[in-house]
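One structure below.
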Amino acid sequence: YRESCRSGTDWLLQRMKPDGSPGSAAERLYYYRVPWALVLMGEVSAASRVLDWVSQNMFSRDGAFEGVSPQGVFESRYGSYPLACLIVGAAMLERHDLVYRGTRSLLTWQDPVSGGFYHDYHERTPTGEQEIFPTSQGGMSLLVGGHRDDARKAGEWLKRLWELQPDVGNRLYAVYSPHVGLVTDYPPDQEALYVTKKDEPWQHHF
């Protein structure tokens, strides 16, 4: 495992550019966990350079994780997830300039009533969808950012979602809406996004 981690880290370092940009950052937003991974491997200087580049090119004054990299899938789904992951790496490096702004922005993705995190920033309404893994990561990131009460709300959301499951031994529904509750009605071609079935070999959530 150590050798694999070292090889993966070297692969990342080889693709970093002198300005700290993580590879082909102009193609899409895919590198949000790179500072987290680098600092775990002791590559503090490299992680800091990535965060410097992010601060200059991908962080708004309000702490939104947006800029030169196209958002891709995060434009319509899981939008808070890259920011939440980046906050963890920034917190490990004590980059409070990013953590402070980032957690303030992350909080705007959270439903202050249910505690869940919305998919789409423009759909933060009673009918908007909230999901397990963005809420899980959002809660953990708020915790490292010092927002304990808001992190606890995310935990309560997860507890509520679990209690609403109708057949948790065989399937796990991942999406909740304040208006609908647990979302069990969805387009057939999007089933994998909404429910994890125990017997299926490929699972979108794991």
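The values are calculated or read from the model by the stated rules, or taken from the named source; none is laboratory data. Quantities reported herein were computed from a predicted structural model and do not represent experimental measurements. Cβ: placed from backbone, ideal geometry, glycine included. Neighbour counts: every protein chain shown. When the accessible area is computed, the model is the full protein with side chains, heavy atoms only, and any ligands, DNA or RNA have been set aside. Shrake-Rupley method; radii C 1.70, N 1.55, O 1.52, S 1.80 Å.
The sole residue among 175, 195, 180 that is over 17 Å from residue 83 (Cα atoms) and exposed (fewer than 14 other Cβ atoms within 10 Å of the Cβ) is 180. Screening residue 172 against (1) touching a residue at least 12 places away in the same chain (Cβ under 8 Å); (2) assigned to a helix (DSSP H, G or I); (3) hydrophobic (A, V, I, L, M, F, W, C) leaves a single unmet condition, (2). Test residue 48 against the criterion of being among the polar types (S, T, N, Q), part of a helix (DSSP H, G or I), out of contact with any strand residue (DSSP E or B) (no Cβ under 6 Å at 6 or more places or on another chain) and under 25 Å from residue 4 (Cα atoms), and give yes or no. The answer is yes for residue 48. Among residues that are within 14 Å of the chain's Cα centre (by Cα) and open to solvent by less than 70 Å² (accessible area, probe 1.4 Å), residue 157 is not included. No other residue among 148, 101 is more than 30 Å from residue 45 (Cβ to Cβ) and either under 17 Å from the mean Cα position of the chain (by Cα) or open to solvent by 70 Å² or more (accessible area, probe 1.4 Å) (or both) apart from 148. Of the listed requirements (1) surrounded by 17 or more Cβ atoms within 10 Å (Cβ to Cβ); (2) out of contact with any Ser or Thr (no Cβ under 8 Å at 6 or more places or on another chain), residue 93 misses just one: (2).
Listed here are the residues, each with its yes/no results for (1) in contact (Cβ under 8 Å) with a residue 40 or more places away in the chain; (2) over 26 Å from residue 90 (Cβ atoms); (3) touching a strand residue (DSSP E or B) at 6+ places or on another chain (Cβ under 8 Å).
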| position | (1), (2), (3) |
| --- | --- |
| 124 | no, no, yes |
| 149 | no, no, no |
| 168 | no, yes, no |
| 184 | no, yes, yes |
| 187 | no, yes, no |
| 198 | no, yes, yes |
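If we keep just the residues of region 51-83 that are of a type in the set (A, V, I, L, M) and open to solvent by 30 Å² or more (accessible area, probe 1.4 Å), which is nearest to residue 137 (Cα to Cα)? Going through the qualifying residues, I end up with 73. Against the numbered list (1) closer than 30 Å to residue 100 by Cα; (2) touching a Leu at 6+ places or on another chain (Cβ under 9 Å); (3) part of a loop (DSSP other than H, G, I, E, B), residue 186 comes up short only at (1).
Please find, within region 112-145, the residue that is most open to solvent (accessible area, probe 1.4 Å) out of those that are farther than 17 Å from residue 99 by Cα and part of a helix (DSSP H, G or I). Ranking the qualifying residues of region 112-145, first place goes to 122. The single condition from (1) open to solvent by less than 50 Å² (accessible area, probe 1.4 Å); (2) closer than 22 Å to residue 100 by Cα; (3) out of contact with any strand residue (DSSP E or B) (no Cβ under 9 Å at 6 or more places or on another chain) that residue 25 fails is (2).
Considering only residues that are in a helix (DSSP H, G or I), closer than 23 Å to residue 65 by Cα and without any contact (Cβ under 8 Å) to a residue 24 or more places away in the chain, which ones fall in region 1-39? Residue satisfying the conditions is 15 alone.
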